[in-house]
Amino acid sequence: MTDLFAPRVEADKDTVERELFKLVLTIVELIRQLMERQALRRIDEGDLAPEQVEELGLALFRLDEAMTTLRDRFDLTPDDLNLDLGPLGPLLADGPR
């Protein structure tokens, strides 16, 4: 009889935690890039007051700093967050920062 559950995935707590954190940071990076593109579009269209542009720039800067800190904590590089989707190509079109 064939063992339906072989081979088993051997995963320790640290590996699982790091991979889960990598996935979460990848999603956050994708959202950050989308927010940045939307902000640039709104700036180009003149939809924002100068104060709003300043606030938005500061918020995106702080998010970028937080992402760097979190990547460093789990020893992840920006390229680690750019998942390969096979025939669709990389998830993050212009790459993470």
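What follows draws every value from the coordinates through simple rules; no lab data is involved. Being a predicted model, the structure only gives us computed values, none of them experimental. So basically every Cβ, Gly included, is an ideal-geometry build from the backbone, and we count neighbours across all protein chains shown.
Which order do Leu76, Leu60 fall in if you start with the one that has the fewest other Cβ atoms within 10 Å?
On the way: Leu76 18, Leu60 15.
Placing the least packed residue first, the sequence is Leu60, Leu76.
Calculate, for Leu40 and Leu20, the FRET efficiency according to 1/(1 + (r/R0)^6) with r their C-beta to C-beta distance and R0 25 Å; round to the nearest 0.05. Provide the component values of the computation, followed by the final result.
Numbers: r = 31 Å, r/R0 = 1.24.
Taking R0 as 25 Å, the efficiency between Leu40 and Leu20 is 0.20.
In square nanometres, what is the average projected area of the Cα convex hull of region 33-74?
Numbers: hull surface 11.4 nm².
Averaged projected hull area, Cα only: 2.9 nm².
Using amide H atoms built in the peptide plane, which far-off residues or other-chain residues are under 5 Å from Leu92 H to H?
Those lying under 5 Å, H to H, from Leu92 are Leu83.
Using 7 Å Cα-to-Cβ label points, what is the Leu88/Ala49 separation (nm, one decimal)?
Those two pseudo-labels are separated by 4.0 nm.
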